[in-house]
Amino acid sequence: MTEKFALRSSRFFTVAATAVGVLGISLIPAPTLPVAHAACDDWTLGPTTLAIKQDGGPDVDIYGWSGKQITALPSGKPAYGILWTDGGKTTGSVAGNITGKTVTVNANWNDGPGKGTTSTFVGDIGDDGIVRGAGFHSEFPAKCAAAQNPGAGPATPAKQTVTILQQSDVYDAANGGRIEAPFFLDVGRTLDTVSPCTGDWCLLAIPDLPGGGHGNLPDNQGFVYSGLVNGDNFVKVNG
């Protein structure tokens, strides 16, 4: 496995990055304008990640979302966050939840360049699912847990994708053999998952994977080491 470490593109580290959402109050009387109904009244995050883009600071990834709360990773290991900086990544413990349409996240950074600092993010989920607060927004939308229209039935789950964070080889099975071509996935590439990532492995749909099927896999499918459980973070799960 190629272990070429690559940081996500980010701005210079700013100590104790803090973002607090601000609620606005309309002064227009209710009868003046028609009421605009939101596309969704029941939002969730997960199954694992909330990716935060700061306007004037480094990107932040929060792992361990499950519905309306930060709980734990699918493996049962504690939830955690990563602050991506030019000087290296900072990791720490996280807590957070969704109350109505407001998302709150608190992070205590305890390992890396930002050790000893904290971050707080408070933002509101828009009709497009994007979380927005003062100086930040989520990179990917939250999911609508139920359609607003009772007759519409449950919302269709969004397809899960992963983004490659470190140059990655492709394998014919989890903990299997490397697919030789040579063939590897470049940093920054985003691909669909065939099924949700489990443990430290993700099965991906890879349209340009050479040689047809490998092992017991159909054509154009292969496993990559995700490192999500071990904290190696070779990929980022988007939603």
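No value in this document is a laboratory result; all are computed from the given coordinates. From a predicted model like this one, the values you see are computed outputs, not experimental measurements. Cβ: placed from backbone, ideal geometry, glycine included. Neighbour counts: every protein chain shown.
Can you tell me the alpha carbon radius of gyration of segment 159-239 divided by the globular rule-of-thumb value 2.2 N^0.38 Å?
Against the empirical 2.2 N^0.38 Å value, I get 0.96 for segment 159-239.
Fewest first, what order do Val229, Val122 take by the number of other Cβ atoms within 10 Å?
Val229, Val122
Arrange the following residues from fewest to most other Cβ atoms within 10 Å of their Cβ: Lys236, Lys143.
Lys143, Lys236
Please order Lys77, Lys68 by the number of other Cβ within 10 Å, starting at the fewest.
In increasing order of surrounding Cβ atoms, one gets Lys77, Lys68.
Just add up the charged neighbours of Val103: K/R +1, D/E -1, any other residue whose Cβ is under 10 Å from the Cβ of Val103.
+2
Local charge sum around Asp127 (other residues, Cβ-Cβ under 12 Å, Lys/Arg +1, Asp/Glu -1)?
Cβ neighbours under 12 Å give a net charge of -1.
In terms of Cα to Cα distance under 19 Å, which aspartates and glutamates are near enough to Lys101, apart from those fewer than 8 places away along the same chain?
Leaving aside aspartates and glutamates fewer than 8 places away in the same chain, those within reach of Lys101 are Asp41, Asp42, Asp124, Asp127, Asp128, Glu139.
Quick one: which residues, 5+ away or cross-chain, put their amide H under 5 Å from the amide H of Val235? H built at 1.01 Å from N.
Residues meeting the criterion, in which the H sits 1.01 Å from N, are Leu165.
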